[in-house]
Every structure is written in C-alpha cells, then in structure tokens.
Amino acid sequence: MRRKKLIWHLFPFFLLVTLVTLAAVTWYSARSWRTFFLEQTARDLETRARLVESRIGGSAGLENGPGVDKLCKDLGKITATRLTVILTSGQVLGDTEEDPARMDNHGDRPEFREAMTGRVGVSTRFSFTLGHNQMYVAVPVKDQDKITGAVRASLPVTSIDQALRVYYFQIIFGGLIIALLVAFLSFIISRRLSGPLENLKRGALRFAQGDLHRKLPIPQTDELASLAEVMNDMAAKLEDRINALVRQGQMQEAVLSSMIEGVLAIDAEQRLVALNRAAARLLGVDPESGLDQPIQEVVRDPALRWFINRTLAAREALEQEVAVNNGKLVLQAHGTSLRDAAGTKIGSLIVLHDVTHLRRLEMMRRDFVANVSHELKTPITSIKGFVETLLAGALHEPENAENFLRIIARQSDRLNEIINDLLSLSRIEQDSERGQIFLTAQRIKGVLAAAVEVCEAKARERGINIRLDCPDDLRARVNAPLLEQAVVNLVDNAVKYSEKDREIRVEAERAGPEVVVRVRDQGSGIAPVHLPRLFERFYRVDSGRSRSSGGTGLGLAIVKHIAQAHGGKVTVESAPGKGSIFSLHLLPD
Ligand code: ADP
C-alpha cells in the first residue's frame with residue numbers, strides 16, 4: 001500500500017464528513033424553505049383572489065363583463081398579480097394581462113376545476129401564455145350556495161427559484177470556506193499529532209544507528225507518552241545488554257590476546273572464526289584478514305593443516321607436537337571440539353604452544369652433556385692409558401715412566417682447568433639468576449691493569465707486548481673480580497691466537513650511553529661463518545690449536561655470561577689475517 005502523510009489521512013475524511021453534513025443540511029433547509037415559501041405565496045394569492053371576488057360582488061357583478069375585465073387589469077397592476085375571472089363554462093371574463101375575448105377556454109385548468117368543486121384550487125405549472133412557471137390559486141364565486149364562476153390569482157415562481165439560487169450560492173460559498181477551514185484544522189491537528197510522532201521516529205532511527213544514550217522527549221499525548229517511555233526503557237535495556245556484551249567481548253579479547261598460546265577457533269564450515277595475536281604471529285598471518293576465510297587458505301603449513309583436519313574430524317581431544325616453518329618452529333598443538341549449549345559440535349578449537357625454545361634448551365642440554373663428556377673423556381682416556389702402561393711394566397723403565405707421568409700430570413691439569421671453567425660458568429649463571437652478582441660503580445683502570453698483569457708473563461714469553469689505554473677516572477658499574485676474569489680470558493685468547501712479537505691493546509672509553517672495554521689483537525682473526533656461534537660453550541674455530549694451547553672452549557662463554565651479569569654484552573669484530581676486536585659493553589656509573 002502506498003504510504004501517505006498523516007494530513008492526507010485526516011483531511012479527506014474531515015472534508016467528506018463536513019461536505020456530507022453541509023449537503024444534507026442545505027438540501028433539507030432548502031426544501032423546507034421552498035415549501036414554506038410556496039405555501040405562503042399560495043395563501044397570499046388566495047387572499048388576493050378573495051378580495052377580487054368580494055369586489056366583483058357575486059353573480060350580478062359577473063354579468064358586467066367589461067367591468068370585470070377592467071377590475072382585473074386595475075387591481076392586477078396595483079398588486080402586481082395576474083388576476084383572471086372565469087365563468088363556470090370555462091370562458092374567461094376578465095384578465096390582467098390579456099384580452100379575454102382572445103383567450104381560450106380555461107375549463108380544463110386544474111385550479112379552476114378544483115374551485116368548481118367549492119374548494120380553493122392551487123396549481124403550479126408552466127404557462128404557455130407567459131412562457132414561465134406560474135402559481136395559480138383559484139377561489140369559487142358563489143351566489144348563495146351556487147357556484148357561478150371563479151377568481152384566479154397567479155404569480156410567477158421564478159422569483160422563488162431566484163431567491164433559492166442565491167441561497168444555494170451562499171451555501172456553496174460557505175461550504176468552500178468551511179472546506180478551507182477544515183483543511184487548516186486538519187493541518188493543525190496532523191501537525192500536533194505528527195510532530196511528536198516525527199520526534200519518536202527520529203529517536204527510533206537514532207536507536208537503530210546505535211545511539212542508545214540520548215533519550216526520547218516525552219510527548220504530552222498519553223498514548224504517545226507511553227510509547228516514548230516504552231521505547232526509552234527498551235533503549236536503556238538494550239544499551240545495558242550491549243554494554244555487557246561489549247565488556248564480555250573485550251574481556252574475551254583481552255584474555256585471548258594476552259595469552260602466550262596461539263588460539264584458533266574454526267566453525268563447522270571450516271572457516272576461521274577467531275584468532276588471537278599469538279596465533280597470528282605463529283602462523284605468520286594478518287589477524288584481521290584471516291577471519292572468515294577457509295582455514296585451509298589461512299594455514300599453509302602441511303603438518304599443521306593435517307593436525308587441524310584430524311581435529312575437525314575427531315570426537316575426542318588431540319595433542320601433538322608439530323614442527324612448522326621447515327622445523328624452525330616447534331608447536332605443541334592441542335585440538336578440542338567446540339560445542340554449543342546443547343552439546344552439538346559446532347567447530348574446533350586449536351591451541352598452539354610455542355615449545356621451540358624449550359626444545360632448543362633440551363637440545364642444548366643434551367649437546368652440553370655430550371660435549372662435557374667428550375671434553376672429559378679425552379684426558380681421562382689418556383690418563384687411563386698411561387696408568388695402564390705404567391702398571392704393565394713401564395714403571396720400571398725410568399725414562400719412559402717419567403715421561404708418562406708428565407703426560408698424566410698435564411692431562412690432569414687439563415681436566416682441572418675444564419672443571420674449573422665449568423664450575424665458574426655455572427656459578428656465574430647461578431649467581432646471576434639469583435641476583436647475587438653485585439655491581440659497584442668504580443674506576444676500572446685498576447681492574448684492567450690487574451687483568452693485564454695476570455697475562456703479562458705468558459705474553460712476554462711469546463714476545464708480545466700488551467698496552468693498556470684507559471683514562472684514570474673512567475668509571476663503570478662492575479663486579480671487579482668478574483670483570484677481571486672476563487678481561488683475562490679475552491687477553492689470554494689474544495695472546496694464544498697471536499703470532500710472536502705482536503701487540504695487544506686493552507682500551508677502555510666512554511662511548512655514548514655505555515663504557516666499552518676493547519681487547520684488540522693482531523692475531524689470526526676469525527672467519528665470519530664462526531662469529532655467530534663463537535660465544536657458545538665448547539665452540540672452537542680450530543680445535544687442535546685450541547687444545548694444544550690449553551684452551552677449554554669455555555673462555556668466551558664465560559665472558560658472555562659475565563657481560564650479561566653486568567647488564568651489558570660482548571661483541572666481536574674480526575676477519576682472518578686482520579686480527580680481532582672483542583668489546584665488552586658495560587653500564588656507566
Ligand atoms: P678456547 O679455550 O678454545 O680459547 P674460547 O671460548 O676462549 O675457547 O674461544 C673459542 C674459540 O674462539 C677459540 O677456539 C678460537 O678458535 C677462537 N678465538 C677466541 N679468541 C680469539 C682471538 N683473539 N683470535 C682468534 N681466534 C680466537
């Protein structure tokens with residue numbers, strides 16, 4: 001159905017009611033008025049006819065034909081009425097307008113015939129003589145009780161119709177004014193009704209657009225006021241409900257995004273419906289654009305896809321370790337069914353836990369145990385071998401025995417060194433974890449000088465000169481014994497891996513926000529391929545040279561841990577044949 005404005009519902013209805021009422025009243029009053037007017041005219045004509053009848057003076061008067069005609073003409077002019085006197089035969093004796101001799105017989109006129117019965121005859125009809133509607137009233141002329149003729153008085157009825165026409169015109173004019181008035185009133189009423197309705201409509205639109213906070217104004221009309229109150233109430237409840245949902249959603253979002261584990265929810269159509277930040281990071285996808293996409297398009301890794309497919313098909317929970325990204329990432333994946341309140345499966349939930357670091361640590365621990373065992377095994381095998389040889393009789397060969405015992409002593413020293421290094425490494429690690437490494441702000445020149453002094457004898461043996469270059473007042477937050485140990489390890493390496501007669505420089509300076517201690521040598525240098533792993537335990541570039549020069553492979557690992565315990569780091573710049581620079585980055589005072 002076509003929608004119309006309120007005014008177009010009210011106005012035609014009001015107008016129709018008004019016009020029908022107006023027409024009915026007009027029709028009724030015009031009819032009554034016309035009847036009254038005609039009756040009044042008939043009575044008036046009757047009176048005039050009776051006056052003429054009395055002037056004629058009965059049957060005797062009728063015998064004077066020309067006198068009667070003259071009377072008709074005279075009185076007719078005075079009263080503006082057409083008067084006619086008719087004999088019982090129907091012959092016209094006198095008439096106001098015409099010559100009676102030329103008038104036809106009036107015996108058939110209804111009013112005349114009525115008068116001939118002794119009553120008053122009334123007739124309204126078209127007069128062919130005058131050419132318009134006339135009202136005729138005829139009264140009998142009596143001589144004693146005998147009727148000898150009739151006097152007829154008549155008037156044109158056009159004047160009545162004219163009067164009625166004016167009356168109709170006034171009514172139509174009045175009707176038009178009333179219609180305008182009705183239109184105006186309809187407009188005012190519809191405005192008064194539609195104004196608050198429009199307000200309600202605008203308010204409802206605001207509600208629909210989510211602005212539930214602004215309340216609707218309460219109109220004065222009772223029904224509309226109730227409607228507005230109900231809508232306000234509804235909006236308030238809706239706002240509460242939405243706020244609760246938003247809060248709940250935010251809470252869920254916060255929980256999900258703060259989780260370290262990656263969480264993926266997949267619906268029954270295998271579309272991704274939820275994905276937290278950790279999952280997006282682990283899978284390398286955009287958290288927004290992945291949503292609502294088929295899971296097979298979002299997850300590219302075949303191993304993980306296989307696990308997800310199994311979870312979607314399975315009834316029970318699944319758990320599996322999945323290596324993704326070519327084994328760079330190890331994920332512990334848990335898959336469970338998502339069920340609605342009725343317990344029907346509506347999808348699956350996958351939780352991914354990054355265990356790469358854990359697995360790497362486990363591997364490192366295994367490697368470390370293997371490395372330690374290997375490092376210890378070599379001297380122990382050697383010691384055991386020589387002890388057995390001595391026991392087998394070499395003990396009695398003084399020359400060999402002394403040589404063998406020297407080797408045993410050297411291997412024991414080596415064992416001792418390895419164990420000492422391992423112990424100091426684990427002590428530094430433990431103290432660092434427990435926060436038991438105390439740093440004090442102090443001048444570091446003395447600490448560096450002490451470290452140089454420790455290495456001086458060995459360097460001198462090889463003709464190597466160690467130069468210390470440190471400002472007297474350079475201060476840093478350090479643990480003096482540990483810093484000394486780190487610098488000793490670095491200088492010791494520099495001595496070990498330098499040719500004879502070279503120079504080693506120990507430099508310290510303030511560089512921006514840190515204090516840097518550099519140990520610079522002109523030794524063999526290190527190929528770039530080894531640099532990333534140089535600080536790992538037991539990592540050696542050249543195992544033979546390291547061992548022969550008494551290295552345990554733990555020196556740089558100890559330096560790294562000491563640097564970390566100082567809140568700093570150790571870095572290396574080196575190239576084969578160009579020497580190396582090891583830098584300890586420390587916190588300033
Ligand atoms: P090591 O006890 O074998 O010296 P480190 O942990 O101190 O063990 O050093 C690891 C490896 O790094 C060494 O085996 C050596 O190959 C290399 N390296 C360390 N310092 C230097 C240096 N100043 N010049 C050349 N190579 C070095």
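The values are calculated or read from the model by the stated rules, or taken from the named source; none is laboratory data. These figures come from a predicted structure and were not determined experimentally. All Cβ positions, glycine included, derive from the backbone under ideal geometry; neighbour counts span all protein chains shown. Keep in mind that these areas ignore ligands, DNA and RNA; they rest on the heavy atoms of the full protein, side chains included. Shrake-Rupley method; radii C 1.70, N 1.55, O 1.52, S 1.80 Å.
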Unmet requirement for residue 537, which otherwise passes all of (1) assigned to a strand (DSSP E or B); (2) touching a residue at least 60 places away in the same chain (Cβ under 8 Å): (1)
Failed item, numbered, when residue 129 is tested on (1) under 22 Å from residue 40 (Cβ atoms); (2) in contact with an Asp or Glu (Cβ under 8 Å, 6 or more places away or on another chain); (3) not in a strand (DSSP E or B): (1)
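Tell me which residues, restricted to the range 97-117, are in a loop (DSSP other than H, G, I, E, B) and touching an Asp or Glu at 6+ places or on another chain (Cβ under 9 Å). Walk me through how you get there before you give the answer.
Residues of the range 97-117 that are in a loop (DSSP other than H, G, I, E, B), as a first pass: 97-99, 103-109, 117.
99, 103, listed by residue number.
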Checking residue 511 against (1) open to solvent by less than 30 Å² (accessible area, probe 1.4 Å); (2) more than 7 Å from the ligand (Cβ to nearest atom), the condition it does not meet: (1)
Number of the exception - residue 574 against (1) under 60 Å from the mean Cα position of the chain (by Cα); (2) open to solvent by 50 Å² or more (accessible area, probe 1.4 Å); (3) among the polar types (S, T, N, Q): (2)
In the range 374-399, residue farthest from the chain's Cα centre (by Cα) [restricted to those that are open to solvent by 90 Å² or more (accessible area, probe 1.4 Å) and under 30 Å from residue 486 (Cα atoms)]: 377
Scope the range 549-569; condition touching a residue at least 60 places away in the same chain (Cβ under 8 Å) and either more than 9 Å from the ligand (Cβ to nearest atom) or of a type outside the set (A, V, I, L, M, F, W, C) (or both); matching residues: 550, 552, 553, 555, 561, 562, 563, 564, 565, 566, 567
Residues located in the range 81-118, provided they are closer than 16 Å to residue 129 by Cα and among the small types (Gly, Ala, Ser): 94, 101, 107
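Using the structure shown, decide if residue 61 is touching a Lys or Arg at 6+ places or on another chain (Cβ under 9 Å) and either in the same structural domain as residue 180 (by TED's automatic domain parsing) or free of Cβ contacts under 8 Å to residues at least 24 places away in the same chain (or both). Steps first, please.
Details: touching a Lys or Arg at 6+ places or on another chain (Cβ under 9 Å): yes; either in the same structural domain as residue 180 (by TED's automatic domain parsing) or free of Cβ contacts under 8 Å to residues at least 24 places away in the same chain (or both): yes.
Spelling it out, residue 61 is indeed touching a Lys or Arg at 6+ places or on another chain (Cβ under 9 Å) and either in the same structural domain as residue 180 (by TED's automatic domain parsing) or free of Cβ contacts under 8 Å to residues at least 24 places away in the same chain (or both).
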Of the criteria (1) out of contact with any Ser or Thr (no Cβ under 8 Å at 6 or more places or on another chain); (2) open to solvent by 50 Å² or more (accessible area, probe 1.4 Å), which one residue 520 fails: (1)
Qualifying residues in the range 472-498 (those that are closer than 17 Å to residue 431 by Cβ and outside any helix (DSSP H, G or I)) - the one farthest from the ligand (Cβ to nearest atom): 477
Residue within the range 400-407 that is outside any strand (DSSP E or B), exposed (fewer than 15 other Cβ atoms within 10 Å of the Cβ), of a type in the set (Asp, Glu) and not assigned by TED's automatic domain parsing to the domain that holds residue 494 present: yes
